[in-house]
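In what follows, a single structure is set out as structure tokens and then discussed.
Derivation of every value follows stated rules applied to the coordinates shown; laboratory data play no part. Fair warning: this is a prediction, and the values are worked out from it, not measured in the lab. Here the Cβ is made from the backbone with ideal geometry for all residues, glycine too, and neighbour counts use every protein chain on show.
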Amino acid sequence: MSAPARPTNIIWDVTYACPLRCVHCYSESGRRPTRQLSHDEQLRIVDSIIELQPEMVALAGGEPLVVKGIFEVADRLSRAGIHVVCYTGGWPMKPDMVQELMRCCDTVTISLDGATAEVHDKIRGRAGSFERAMEALRMLDDAVSAGGRPGFEFGIDTVVVRSNFDSL
Ligand code: SF4
């Protein structure tokens with residue numbers, strides 16, 4: 001009998017809570033009641049994921065950085081040898097979070113939907129979101145430039161819509 005299929009990559013929307021209101025949000029995060037597992041339930045899900053032995057788990061949402069205990073979740077996955085990715089809009093990013101992210105994630109991706117605040121903030125639905133995303137990138141860049149952790153990387157992702165196409 002062949003072995004059961006297992007997922008290679010898992011994208012886990014850990015919360016529907018989000019400080020942003022993007023026009024393209026497929027999960028309608030921030031617009032509907034926040035649904036989130038308790039921390040203990042999250043850790044049980046982590047253990048179930050580890051049993052599946054995926055290569056990569058992406059923590060997404062919603063905004064994963066507003067989830068209490070998210071670094072313990074990431075750490076447990078990472079210690080099991082899983083490549084951990086965190087997708088964030090950067091809004092809640094604080095300096096102490098950068099160290100935690102570098103410790104327990106392999107990749108951090110900041111969403112950036114425009115080259116200017118005018119374009120980005122309109123798509124992301126909140127004034128100041130461009131500056132917060134850029135500040136998050138600056139903090140990550142500083143941390144990596146200061147030595148970082150071998151193998152850790154960060155970058156941006158962009159949702160292409162009509163209003164930002166010309167600024168790509
Ligand atoms: S940051 Fe992500 S989860 Fe939040 S509203 Fe935008 S697309 Fe949705």
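Which number comes out as Rg/Rh for the chain once both Rg and the Kirkwood Rh are worked out on C-alpha atoms? Please list the in-between numbers first.
Numbers: Rg = 16.4 Å, Rh = 16.6 Å.
Reported Rg/Rh (Cα atoms, Kirkwood Rh): 0.98.
Any chance you could give the angle, 0 to 90 degrees and rounded to 10, that helix 129-145 forms with the longest Cα principal axis of the chain?
The angle comes out at about 60 degrees.
For the chain, which span is the longest to avoid every loop-located (per DSSP) member of trypsin sites (Lys or Arg not before Pro) having at most 12 other Cβ atoms inside 10 Å?
69-168
If the elastic network links every pair of Cα atoms under 10 Å, which of ALA127, ALA60, ALA146 fluctuates the most in the Gaussian network model of the chain?
Judging by the Gaussian network model, the answer is ALA146.
Can you give me the angle between helix 95-104 and the longest principal axis of the chain, using Cα atoms only, in degrees from 0 to 90, rounded to the nearest 10?
40
GluC sites (Glu not before Pro) within region 1-103: which are DSSP loop residues with at most 12 other Cβ atoms inside 10 Å?
Working: sites: GLU28, GLU41, GLU51, GLU55, GLU72, GLU100; in loops: GLU28, GLU55.
Those satisfying the criteria are GLU28, GLU55.
Using Cα centres only, tell me the gap between region 1-43 and region 46-86 in whole Å.
Cα centroid to Cα centroid, the span is 11 Å.
Could you please report the charge total around ARG21, scoring K, R as +1 and D, E as -1 over all other residues with beta-carbon less than 15 angstrom from its beta-carbon?
Values: positive: ARG31, ARG32, LYS122, ARG124, ARG126, ARG132; negative: GLU28, GLU63, ASP113, ASP121.
Around ARG21, the charge tally is +2.
Can you tell me, using C-alpha contacts under 8 Å and at least 6 residues apart, the relative contact order of the chain as a whole percent? Please report the intermediate quantities before stating the final value.
Working: 288 pairs, mean separation 36.3, N = 168.
After rounding, I find 22 percent.
Give me the angle, in degrees from 0 to 90, between the Cα long axis of helix 70-79 and the longest principal axis of the Cα atoms of the chain, rounded to the nearest 10.
It is inclined by approximately 50 degrees.
Taking the Cα centre of region 63-145 as origin and charging only Cβ (+1 Lys, Arg; -1 Asp, Glu), how large is the dipole, in debye to the nearest 20? Present the calculation step by step, with values, prior to reporting the outcome.
On the way: 10 positive and 13 negative charges, 46 e Å.
Approximately 220 debye in magnitude.
Filter the chymotrypsin sites (Phe, Trp or Tyr not before Pro) in region 3-36 to those in DSSP coil with at most 10 other Cβ atoms within 10 Å of their Cβ, and list the result. Working shown, then result.
Values: sites: TRP12, TYR16, TYR26; in loops: TYR16, TYR26.
Within region 3-36, the qualifying chymotrypsin sites (Phe, Trp or Tyr not before Pro) (loop, at most 10 other Cβ atoms within 10 Å) are TYR26.
Between region 104-137 and region 140-154, how far is it from one alpha carbon centroid to the other, in angstrom?
Cα centroid of region 104-137 versus Cα centroid of region 140-154: 19 Å apart.
Mind checking which of GLY81, GLY151, GLY69 has the largest fluctuation in a GNM of the chain, springs on alpha carbons under 10 Å?
Largest GNM mean-square fluctuation: GLY151.
Just how large is the dipole of the chain about the Cα centre, in debye to the nearest 20, putting +1 at every Lys and Arg Cβ and -1 at every Asp and Glu Cβ?
Numbers: 18 positive and 23 negative charges, 81 e Å.
Once rounded to the nearest 20, the dipole reads 380 debye.
In deg cm²/dmol, rounded to 500, what helix-only [θ] at 222 nm does the chain give when every DSSP H run of at least 4 residues adds -39500 (n - 2.57) and the total is split over its residues? Present the calculation step by step, with values, prior to reporting the outcome.
Values: 6 runs with 63 residues, N = 168.
It lands at -11000 deg cm²/dmol.
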